[in-house]
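**Q** Once you've had a glance at the structure underneath, I'll fire off some questions.
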Amino acid sequence: MIALSVARPVEPVAIRPMMRCLAVLLASLVAGVASAQNCANTSIGAVPLIDLGLGAYQGFAGGLYGQGQNAPPPAHQARGLQRAAAITPRDAAGNPAPGGRIVLLSLGMSNATQEFSAWIPTANADPNRNPAVTLVDGAQGGQDAVIISDPTAAFWTVVDQRLAAAGVTPQQVQAVWLKQAIRLVSGGFPGGAQQLHARLAQIVRIAKQRYPNLEICFVSSRTYGGYATTAANPEPYAYESGFAVQWLLGQQMAGDPALNCDPALGPVTAPWLGAGPYLWTDGVVPRSDGLTWTCADVQTDGLHPSPAGRDKVVGLLQAFFTSDAIAAPWYLVPAHAAAVAQFGTGCAGVSGVPTFHANGLPRLGNAGFQLGVSAAAPSAIALLWWSSAQALLPIAGVCNLLVDPAPALPVWIGLTTGAGLRIEPLPIPSQPALVGATLWCQWLVQDAAGAPLPGFQGIAATRGARLQLGL
């Protein structure tokens, strides 16, 4: 860690009283703005769609894809894989080209631009991201679903300007992340969600018209809105926006020609539509993966994400695009290349959430490849759990095992150092048959400050990691 030393300028004595007065005024203004938050509204008692299953909210079942299902049905999944396979680097005219670009574009309102723009540095620093992928933030503050569902809106001109500034063209846009809401929404439920559903359908059609090579659009609903005191998009409308997305996907899965993505079924009017990362949780009540949304996660208006809130969404975006079956094939490095991608949410211990490390990429012949864990409990039992499949299995409290224990793969056991560090060697043999092989792993560390686990003094865990062996 590099310590920065900043010299403090000398203040003329004459301005110090003025500085004190300004400080008092600023403090009073901040206090007045902070009071705009409704930090007491920590829950609305609704069940996140990913946990609702076949349980009903006012007569409507949960699941991102309806009928309690969080994964696309087989036929829709197959179409998504077909569209993902069509994503390839393209030149400025949209022709496939080895040195071309794959543009992942965000569309939406203020929350979307704040979250996506915060993710871009993380995505760009990820060595596992396909170098052909270019992220462009097209979402804009104040531009709700009503505004951008008009194809003549200035919103779309600004998007084109941002694409040009990034050195790419509309013909290179092949994937979109869409997150939208209706400002000052009304009509109750299901009326408000039905309005948003109709606007979302129009937006994805406009996007397909403007970006002819757009293949896939992932759609996310709102984060928790219970801390807001304005009528812009409060609860339960924020929660109910998840049903608008669910109904949009259902409309396409039902074969509506107005949202057709399959050229074998007729004119293509929309990209393939899938559920993006699900962002809503019931305030401070943890959902199944442990996500909570506290008053510290919003700005003083109670509506927009704070830096802490943006970081949570960044983690969800990063995990989604590096592990989703429809996103990962084109977002990550090609199948023949080695990659390490983290996913899921770890669980905290004495030093917070332990950190997963890889000292490089699992390339064939890399005899020095190592995996490690840091920021863990000192001198504690550490398990590196291996599997050939991903999972989400409760361990204790909000802590989940992110790899499937069913496949018979070894579990490596050792002790962390006094500094909470453990490193395990994993030499990669030079066997061509291993190219493309995928392994999943996660560190679990005994930790009295972690999730309660009888006989184990509690448990802390890193995020999961997907290892792709390659060249």
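The values are calculated or read from the model by the stated rules, or taken from the named source; none is laboratory data. Given the structure is predicted, the values throughout are model-derived calculations rather than measurements. No Cβ is skipped: glycine too gets one built from the backbone with ideal geometry, and neighbour counts run over all protein chains shown. In case anyone asks, the SASA skips ligands and DNA or RNA and just uses the protein heavy atoms, side chains included. Shrake-Rupley method; radii C 1.70, N 1.55, O 1.52, S 1.80 Å.
**Q** For a test of the definition: using alpha carbon positions, the gyration tensor, and the 1.5 limit on a/c, classify the chain as rounded, prolate or oblate.
**A** Working: a/c = 1.39, a/b = 1.06, b/c = 1.31.
Taking the square roots of the gyration eigenvalues as a ≥ b ≥ c, the chain is rounded.
**Q** While we're here: Using a 1.4 Å probe over the heavy atoms of the protein chains, calculate the carbon and sulfur portion of the accessible area of the chain as a whole percent.
**A** Of the solvent-accessible surface of the chain, carbon and sulfur hold 62 percent.
**Q** Give me a comma-separated list of calculated 3J(HN,Hα) values for the range 436-444, in order, Karplus coefficients 6.51, -1.76, 1.60 applied at θ = phi - 60°, integers in Hz, x for any Gly or Pro.
**A** Per residue, the Karplus-derived 3J(HN,Hα) values read x, 5, 10, 10, 10, 8, 7, 8, 10 Hz.
**Q** Something else about it: For the range 223-345, compute the orientation-averaged projected area of the C-alpha convex hull (one quarter of its surface), in nm².
**A** On the way: hull surface 39.6 nm².
Approximately 9.9 nm², given one-decimal rounding.
**Q** Turning to a different aspect of this structure: Amide H to amide H, which residues 5 or more places from Gly420 or on other chains are under 5 Å from it, using H placed in the peptide plane?
**A** It is Ser379, by chain and number.
**Q** Of all beta bridges DSSP finds with both residues in the range 325-471, what is the antiparallel percent, to the nearest 5? Let's see the in-between values first.
**A** Numbers: 38 of 40 bridges.
Restricted to the range 325-471, the bridges split so that about 95 percent are antiparallel.
**Q** Using the heavy atoms of the protein chains and a 1.4 angstrom probe, tell me the accessible area per residue for the range 134-207 in square angstrom.
**A** 35 Å²
**Q** OK, next. Per residue of the range 454-465, what does 6.51 cos²θ - 1.76 cosθ + 1.60 with θ = phi - 60° give for ³J(HN,Hα)? Whole Hz please, x for Gly and Pro, Karplus curve as stated.
**A** In residue order, the calculated couplings are x, x, 10, 6, x, 9, 10, 8, 7, 5, x, 9 Hz.
**Q** Can I ask one more? Using the heavy atoms of the protein chains alone and a 1.4 angstrom probe, what is the accessible area of the range 299-412 per residue in square angstrom?
**A** Here the per-residue accessible area is 38 Å².
**Q** Express in whole angstrom the spacing between the alpha-carbon centres of the range 180-239 and the range 336-368.
**A** Distance between centres, Cα-based: 35 Å.
**Q** Can you give me the long-range amide H partners of Ala437? Hydrogens built in the peptide plane at 1.01 Å from N, cutoff under 5 Å, separation of 5 or more residues or another chain.
**A** It is Leu469, by chain and number.
**Q** Once you place label points 7 Å from the Cα toward the Cβ at Leu415 and Ala153, how far apart are they in nm?
**A** 6.1 nm
**Q** Can I ask one more? Accessible area of Asp297, 1.4 Å probe, to the nearest 10 Å²?
**A** 10 Å²
**Q** Moving on to the next point. Would you please give the residues with an amide H less than 5 Å from that of Ala97, counting only those at least 5 places away or on a separate chain, with H modeled from the backbone geometry?
**A** Answer set, sorted by chain and number: Arg90, Asp91.
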